[in-house]
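Some notes on the structure that comes next.
Values in this text are rule-based calculations from the coordinates and carry no lab data. Nothing here was measured: the structure is a model prediction, and the numbers come from that model. With ideal geometry, Cβ positions are generated from the backbone for all residues, glycine too; neighbour counts draw on all protein chains shown.
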Amino acid sequence: MGATGLPVWAQRRLHCLESAFSAAYCQAIEQTIALLTEQFRQGRKLLVCGNGGSAADAQHIAAEFVGRFQFHRPALGAIALTTNGSSLTALANDYSFDIVFSRQVEALGQPGDVLWGISTSGKSSNVLHALKTAKDRGLYTIGMAGHQGGLLQEFADYPLFVAEKNTPYVQEIHLITYHHICEQVEARLFLSQDSGAGVRVKTHERR
């Protein structure tokens, strides 16, 4: 146990989080919240992609918007590009694993929509291809990565980049980041006095 009474491993993770959430990173989070709030308000949709644990994060993010985060309200259009096994395997087999997300962006993305690409390493080729395709098609792009963004820097309009290189620690930073984003977007869309959404505020009790 450390001086704070917490195990050393817990202290290490808390220190990692404290280091990650700098003023600049928090400002980038705020800008991302503003983007998603406005694009959802305009009836646009969010596409999300990533690999492995980041694929799970993509599905988690989409689920929070389509379902709810803290309270009952109208659904928001969000799609994880990681869930259709037939599409993913057909695209990987017939073309290349590099285009399993970008091809879906071609099919589903419209100007004004948002693509959120997640890569803990900042160098996932299929995420990079998806972000480039999204920019070419007039979508806004959010890049979320460790390693100060790595190769995602070139294609992210809204960068959520941290310096951390340890994959599990990056994933923990990502979880707290996107939970806050989901919470704030939901609140700004549906808790404002003039939203007119007829929202019944009740925090969920089961998941």
Residues that are touching a residue at least 12 places away in the same chain (Cβ under 8 Å), touching a Lys or Arg at 6+ places or on another chain (Cβ under 6 Å) and within 13 Å of residue 49 (Cβ to Cβ): does the range 123-138 have at least one? no
How many residues, within the range 132-155, are on the phi > 0 side of the Ramachandran plot and more than 15 Å from the chain's Cα centre (by Cα)? 4
Looking at the structure I just gave you, is residue 67 on the phi > 0 side of the Ramachandran plot and out of contact with any helix residue (DSSP H, G or I) (no Cβ under 9 Å at 6 or more places or on another chain)? no
Before we move on, is residue 85 closer than 18 Å to residue 62 by Cα and touching a residue at least 24 places away in the same chain (Cβ under 8 Å)? no
Where the second residue is of a type in the set (S, T, N, Q) and assigned to a loop (DSSP other than H, G, I, E, B) and the first is within 18 Å of residue 56 (Cα to Cα) and lies in the range 162-178, which pairs have Cβ atoms under 6 Å and are six or more apart or on separate chains? 167/120; 170/120
Out of all the residues in the range 93-113, which are closer than 18 Å to residue 51 by Cα and either touching a residue at least 12 places away in the same chain (Cβ under 8 Å) or among the small types (Gly, Ala, Ser) (or both)? 96, 97, 98, 99, 100, 101, 102, 103, 104, 105
